[in-house]
1. Cβ-Cβ under 7 Å, sequence separation 6+ or interchain: first residue in the range 36-50 and surrounded by 11 or more Cβ atoms within 10 Å (Cβ to Cβ), partner among the charged types (D, E, K, R). Which pairs?
2. For the range 12-27, what are the residues that are assigned to a strand (DSSP E or B) and either closer than 25 Å to L50 by Cβ or modelled with pLDDT under 95 (or both)?
Amino acid sequence: MDNSKSEESSLLEFIGEGCFGKVAKCVNMNTNENTAIKILKDLLVALNALKGIGLL
């Protein structure tokens, strides 16, 4: 694999879930900092919703 984001972070636990996907608590393997990453269920649905409310 190349230098993808999945290789830079390690999943610790899922901390939330909503209509567009889940939020995971991760650790950045380069900096050892905790981060949060949103994992979208369906990118097209999320983009259309953001366009619909004027955020895109």
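The values are calculated or read from the model by the stated rules, or taken from the named source; none is laboratory data. Please read all numbers here as calculations on a predicted model, not as lab measurements. Note that each Cβ is placed from the backbone with ideal geometry, even for glycine, and that neighbours are counted across all protein chains shown.
1. Once the first residue is surrounded by 11 or more Cβ atoms within 10 Å (Cβ to Cβ) and sits in the range 36-50, its partners that are among the charged types (D, E, K, R) give I39/K22.
2. So in the range 12-27, the residues assigned to a strand (DSSP E or B) come out as 12-17, 21-27.
Those that are assigned to a strand (DSSP E or B) and either closer than 25 Å to L50 by Cβ or modelled with pLDDT under 95 (or both): F14, I15, G16, E17, G21, K22, V23, A24, K25, C26.
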